[in-house]
Each structure stands twice: as C-alpha cells, then as structure tokens.
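This report refers to the structure that appears directly beneath it.
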Amino acid sequence: MGKKDIADKPYFSDCERFAELMNAALYHREGILRAENLILKRRKYPALANAGGETERDVLMLDTRQNICYGIEIETESDYGMPRRVMVYDACEYEYQMRETDRVHRERREYRSYREKKSRMRADDFLCPTVTLVLYLGEGHWERWRKLEMLFQAERFQHLSPETERVIARHLHVARLIHKMEEEELPMCKAFNELMEEKRREGKREGKREGKREGKREEKIRIVRQMLREGLDETFICRMTKCTREELAAAGKSAAPLQAMRHQT
C-alpha cells in the first residue's frame with residue numbers, strides 16, 4: 001500500500017467528506033447521503049488470487065436510512081482489471097452479509113423450513129445493495145497552469161479545511177506548492193498564487209536571458225556575414241568566431257546575393 005493510500009483512507013473515512021463525495025458523484029449534489037446516517041464498516045474478504053490471503057476494502061459505509069452499502073476504492077495508478085476487482089469486492093460483501101444472516105438465524109434457531117436453511121436466508125430477509133466508486137488519484141499532469149489558476153480563484157476553494165487542502169495539494173504533484181504550504185505555513189490558494197507569481201517572474205527573467213542570447217547570436221551572424229562577403233575562408237571564420245555550422249549557413253544565405261553580384265561584375 002502506497003503512502004497516498006494510507007493518508008487518503010482516513011480522510012475519506014470521515015462521514016461528512018464521504019457523503020459529500022458520493023452525493024457529488026452519484027446524486028447530482030442532492031444530499032441523498034447524510035453523515036449522521038453513515039456507519040463505517042471494516043471489511044476483509046478472502047483474496048481469490050492468493051489462497052489463505054485477505055483483501056480489505058479501502059472505505060465502506062452503511063447508509064442506515066437507505067440500507068445501502070457504499071464503497072470507495074482509492075487508486076493512484078492504472079489498474080486494467082479494476083472492473084473485476086470491484087465485482088469481486090461487491091460479491092464478497094453480499095457473501096459476508098449472507099454469512100452473518102445465516103449465523104444469527106442458526107444461533108437463534110429461527111429457520112422455519114429446509115428451504116430457508118438451505119438458502120441461508122429467511123423469506124423476509126434482504127441483502128443491502130452495494131455501490132462502489134473508484135476514485136482515481138493518479139499522477140496525471142494538468143495541460144496548463146491556467147486550469148489550476150482559474151480553479152483556485154473560485155469562491156468554493158477559499159474556505160477549504162486544512163485537511164482538504166493537504167489532500168488536494170498532495171495529488172497535484174507540485175512539490176513547490178506543498179513546500180510553501182508546509183514550510184511557510186500558507187493556505188493552499190495563497191501558496192498557489194505566490195507560486196504562480198514566481199513562475200511569471202521566472203518567465204520574464206528567462207525571456208530577458210533569451211533575448212540577450214538571441215541578440216548575441218544575431219551579432220555573431222552579422223560579423224560572419226561580413227567576413228564571408230570579404231571572401232575569407234569558412235574554416236578560418238569558424239575558428240575565429242567560434243560560430244556553429246548552423247550560424248555559418250544562416251550568414252551564408254544573406255551573403256550569397258552580394259557574392260553573386262561580385263561574380264557578375
């Protein structure tokens with residue numbers, strides 16, 4: 001289990017956060033799940049690929065009002081077999097419920113017929129439906145910084161809890177942002193704005209440096225062009241000016257028309 005999984009499981013085990021995520025992902029933010037109705041369940045199932053082993057749900061909640069189990073599986077890298085994993089988890093959850101139901105009925109001697117005993121359920125029993133959400137928090141990169149800048153300027157991002165800010169920052173994979181938040185004790189939005197301002201200043205400085213480099217290159221090409229026009233040997237020119245073959249070729253294109261005129265005269 002990676003460090004992110006260890007950090008994220010407790011975060012999403014909070015009933016308020018869990019309900020908010022599920023309502024946003026499944027119910028168009030209609031508030032179907034309420035934190036006061038949720039109970040955290042710890043589940044370990046037999047690992048089908050490893051005899052004697054076990055596998056554990058990341059987060060599983062029982063909604064006592066709807067009698068529905070909701071699960072979250074947190075992934076930090078691609079798993080092409082994830083649909084199968086989810087189906088196995090859900091099937092194991094149903095099996096767990098059936099075993100618990102059967103155990104209670106046997107202890108209380110509540111079975112009323114052979115059919116119920118064989119089914120491991122009474123006719124009036126039911127299983128809680130299970131819904132699993134896969135939350136991918138991989139290391140994909142944003143295409144442009146502008147996307148993040150617009151997001152952090154949104155009103156809803158100005159009032160996040162410190163825990164939520166740390167989770168978001170960790171999964172943005174921007175080391176300098178995390179450094180500013182932790183070392184300089186800045187809230188996420190302020191740290192991001194400062195980071196963006198630093199990048200702008202760096203961009204301006206780089207632009208100036210690039211301008212100076214381009215100016216020096218143009219000056220070198222001008223000198224090489226003049227030497228070519230004077231008819232000096234190319235090997236001598238390269239040794240004296242330390243120009244590259246590309247710079248020599250660029251200067252030669254401009255010098256060629258003048259040389260052609262001299263040949264004609």
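Only the coordinates and a few stated rules stand behind these numbers; no lab work does. On a predicted model such as this, the values are computed, not experimentally measured, just so you know. Positions of Cβ are backbone-derived with ideal geometry, glycine not excepted, and every protein chain shown enters the neighbour counts.
Treating cross-link reach as a plain straight distance, find the lysines whose alpha-carbon is under 23 Å from the alpha-carbon of LYS118, omitting any fewer than eight places away in the same chain.
Correct list for LYS118: empty, as no lysines qualify.
Count neighbours as other Cβ atoms within 10 Å of each site's Cβ, and list the GluC sites (Glu not before Pro) in region 213-248 that are DSSP loop with at most 13 such neighbours.
For GluC sites (Glu not before Pro) across region 213-248 that sit outside H, G, I, E and B with at most 13 neighbouring Cβ atoms in 10 Å, the list reads GLU230.
Given the alpha-carbon gyration tensor of region 202-256, what are the semi-axes of its equivalent ellipsoid in whole angstrom, ordered largest first, with each equal to the square root of 5 times an eigenvalue?
Working through the eigenvalues yields semi-axes of 26, 10, 8 Å.
How do the peptides 56-66, 82-92 rank, highest first, by the average count of neighbouring beta carbon atoms within 10 Å per residue?
Going from most to least packed, we get 56-66, 82-92.
State which entries of LYS220/LYS242; LYS147/LYS212; LYS147/LYS199; LYS9/LYS44 exceed 21 angstrom in Cα-Cα distance in the structure shown.
Values: LYS220/LYS242 9 Å; LYS147/LYS212 31 Å; LYS147/LYS199 15 Å; LYS9/LYS44 15 Å.
LYS147/LYS212, as the Cα separations exceed 21 Å there.
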